[in-house]
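Presented below is the structure to which this report refers.
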Amino acid sequence: MRKIVIIGGGGHAKVLISVLKRIQEFAILGYTDRKDNGTILGIPYLGTDHGLNVILSSNPSCSAAIGIGGVRISERRKEIVKELESIGFDLPPITSRSAIVNECVEIGKGTVVFDGAVINTGTVIGRYSILNTNSTVDHDCHIGDYVHIAPGVTISGDARIGNNSLIGAGATIIQGITIADNCLIGAGAVVVDDCLTPGTYVGVPARRVK
């Protein structure tokens, strides 16, 4: 099996480790984090990100997976990706065995699809995005890079989600909606109109608040 290291040691990383164990395509070497959180689900702490060069030199062709989620838009994932790519790590897409990914779907490099997610035909998912637990992306959608789709989100067909946007837990995006780059859609929001200006949108129907 291919070797892989997890970047991050919090709750998101814990769920990612569980997914990786069940797909049985990778041997998990351990995780890196700013602090030692002890052994996580049997996976050891390897030190901070400063040791990634040593990890790759000792394990050529090792892959990496970003186990940092968070509930807000952040540049942290981009910083980590830049560092990992400069060192030479491969960041493969990872899809849970319990997810449903239908035919004619494209999933970009470094994107993770978690348990119970559904991605329907004709959809394109960008790089380094997160499709979290039980989220649904219907037909012919386009999801950008560094997008976090939180648990329980429903995105109807032909929607477009811009780069670096976060769709909060349980939100609903109706058919054909466009959401700009750098938008945060609040938990439980119902988006019935395009969100063309970066910012935070909340409520039913969703309205921009800042």
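The values are calculated or read from the model by the stated rules, or taken from the named source; none is laboratory data. Since this is a predicted model, take the numbers as computed values, not measurements. Reconstructed Cβ throughout: ideal geometry from the backbone, glycine too, with neighbour counts over all protein chains shown.
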- Query: Only one of (1) farther than 30 Å from ILE4 by Cα; (2) touching a Ser or Thr at 6+ places or on another chain (Cβ under 7 Å); (3) not aromatic (Phe, Trp, Tyr) fails for SER156. Which number is that?
  - Reply: (2)
- Taking the condition free of Cβ contacts under 8 Å to residues at least 12 places away in the same chain and farther than 22 Å from LEU166 by Cα, does PRO44 pass? no
- Message: ILE185 - would you say it is among the aliphatic types (A, V, I, L, M), crowded, with 23+ Cβ neighbours inside 10 Å and touching a residue at least 24 places away in the same chain (Cβ under 8 Å)?
- Response: no
- Query: Which condition does ALA65 not pass, out of (1) at pLDDT 95 or above; (2) not in a strand (DSSP E or B); (3) not polar (S, T, N, Q), if it passes all the others?
  - Reply: (2)
- Scope segment 42-62; condition assigned to a strand (DSSP E or B), farther than 30 Å from ALA187 by Cβ and among the hydrophobic types (A, V, I, L, M, F, W, C); matching residues: LEU46
- Query: Name the residues in segment 135-153 that are within 18 Å of GLN175 (Cβ to Cβ) and surrounded by fewer than 21 Cβ atoms within 10 Å (Cβ to Cβ), would you?
  - Reply: THR136, ASP138, HIS139, ASP140, HIS142
- Task: From GLY162, GLY152, grab the single residue that is without any contact (Cβ under 8 Å) to a residue 60 or more places away in the chain and out of contact with any Asp or Glu (no Cβ under 9 Å at 6 or more places or on another chain).
- Result: GLY152
- Look at segment 69-126 and say how many of its residues are touching a residue at least 60 places away in the same chain (Cβ under 8 Å) and not in a loop (DSSP other than H, G, I, E, B). 7
- Message: Being under 18 Å from LEU184 (Cβ atoms) and in a loop (DSSP other than H, G, I, E, B) is the filter here; which residues of segment 130-161 pass it?
- Response: ASN132, SER135, GLY144, ASP145, TYR146, VAL147, ALA150, PRO151, GLY152, VAL153, ALA159
